[in-house]
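Have a look at the structure below, then the notes.
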């Protein structure tokens, strides 16, 4: 029975190990959350940029460059390139999403045609 008690007792060198493990677990969890927030901002920005590019291309093919610029602005984007390739209008837009350290600039391209 005395041997069992001796095994259950912790030595002075073992004290504080749980605190070190908890600090490591908290640091790992924090890094994971930060990574997921970056991913969420990137996905939201990509979707917003693509929606703005699509809207700008459709508006531009039917009503011209001014309509494309306005459509992009209504979707929170800025037109960076607008060019005709035959009957197709290709529009590239830029969207800035997030704040501070989370701020990202995302671009997207869309193509619309005026041919039937």
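The values are calculated or read from the model by the stated rules, or taken from the named source; none is laboratory data. Since the model is a prediction, treat every value here as computed from it, not as a measurement. We place every Cβ from the backbone using ideal geometry, glycine too, and count neighbours over all the protein chains shown.
Structural remarks
- For region 81-99, the candidate set comprises residues that are outside any strand (DSSP E or B) and in contact with a strand residue (DSSP E or B) (Cβ under 8 Å, 6 or more places away or on another chain); within that set, the residue that is farthest from residue 38 (Cα to Cα) is 87.
- Only one of the numbered conditions (1) at pLDDT below 95; (2) buried (at least 18 other Cβ atoms within 10 Å of the Cβ) is not met by residue 101, and that is (2).
- Taking region 100-116 as the range and being in a loop (DSSP other than H, G, I, E, B) and under 12 Å from the mean Cα position of the chain (by Cα) as the test, only 103 passes.
- Filter result (at pLDDT below 95 and either touching a helix residue (DSSP H, G or I) at 6+ places or on another chain (Cβ under 6 Å) or farther than 27 Å from residue 98 by Cα (or both)) within region 17-60: 17, 18, 19, 20, 21, 22, 23, 24, 25, 41
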